[in-house]
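Below is one structure; the comments refer to it alone.
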Amino acid sequence: MNPAIAFTSILVADDDPDIREALCDMLEHEGYRVHAVGTGAEAVQQADQIHYDAVLLDIELPDLNGHTVLKILMETDPSLPVVILTGHPTELNTVRPLSKGAIAYAAKPYNPAEIKALLRRAVAVKALSVKAETATHALSESEERFRSVVQSTSDAIILADDKGRIVFWNKSAQRMFSYM
């Protein structure tokens with residue numbers, strides 16, 4: 001078991017109980033925390049209640065089809081990596097989900113090594129997304145602190161671009177030059 005994935009949660013949505021059980025056993029053996037559901041409505045409900053790092057989604061579910069579930073999941077969390085499982089790898093069931101936000105697809109009967117590789121990639125994409133979001137938030141906070149310091153200093157601060165045009169000046173510069 002890889003300790004890096006010990007806290008990684010995967011949602012498996014497939015209407016075939018044998019496939020669900022086999023995927024759960026395989027993924028739990030790899031160290032993932034796995035929740036399995038058999039319908040689209042259950043998948044949407046679980047994803048709404050629990051944070052998942054990735055989803056394995058059967059495209060042909062008995063109630064809501066995988067296309068609808070994918071749409072709902074992407075509206076709820078656009079950074080959630082979804083891997084499509086399909087027993088009918090037509091363009092509608094492979095290319096369309098990819099264009100609607102799925103990260104990859106695998107055809108049934110699936111290759112266990114392929115599923116593991118796809119999930120490792122999906123989880124890595126999710127981790128990068130979280131890091132990017134955290135960095136963006138930290139940068140925004142840092143910029144706000146910088147603006148506050150620049151505006152509160154008694155020194156005049158003037159910034160110009162490479163053509164000599166003034167692009168910023170603080171309140172002290174406004175007072176010094178009596179110009180807004």
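Name every residue in the stretch 56-74 that is modelled with pLDDT of 95 or more and among the charged types (D, E, K, R), in order of residue number.
Those that are modelled with pLDDT of 95 or more and among the charged types (D, E, K, R): Asp58, Lys71.
Considering only the stretch 22-38, how many residues are open to solvent by less than 40 Å² (accessible area, probe 1.4 Å) and touching a residue at least 24 places away in the same chain (Cβ under 8 Å)?
Selection size over the stretch 22-38: 8.
Out of everything in the stretch 39-51 that is more than 19 Å from Asp18 (Cα to Cα) and of a type in the set (Gly, Ala, Ser), what residue ends up being least open to solvent (accessible area, probe 1.4 Å)?
In this case the residue turns out to be Ala47.
Please count how many residues of the stretch 28-41 are under 20 Å from the mean Cα position of the chain (by Cα) and under 25 Å from Asn65 (Cα atoms).
Number satisfying all stated conditions: 5.
What pairs can you find where one residue is in the stretch 151-180 and polar (S, T, N, Q), the other is surrounded by 10 or more Cβ atoms within 10 Å (Cβ to Cβ) and assigned to a loop (DSSP other than H, G, I, E, B), and their Cβ atoms are less than 6 Å apart, with a gap of 6+ or different chains?
Gln151/Asn170; Asn170/Ile157; Ser172/Ala156
State the number of residues belonging to the stretch 46-72 that are touching a residue at least 60 places away in the same chain (Cβ under 8 Å) and closer than 9 Å to Asp14 by Cα.
1
Going through the stretch 57-81 one residue at a time, which ones are within 24 Å of Leu128 (Cα to Cα) and among the small types (Gly, Ala, Ser)?
First pass over the stretch 57-81, keeping only residues within 24 Å of Leu128 (Cα to Cα): 57, 69-81.
Listed by number, the list holds a single entry, Ser79.
The values are calculated or read from the model by the stated rules, or taken from the named source; none is laboratory data. The structure displayed is predicted, hence computed values, not measured ones. Cβ atoms come from the backbone with ideal geometry, glycine included; neighbour counts cover every protein chain shown. Heads up: the accessible areas ignore ligands, DNA and RNA and are worked out on the full protein's heavy atoms, side chains in. Shrake-Rupley method; radii C 1.70, N 1.55, O 1.52, S 1.80 Å.
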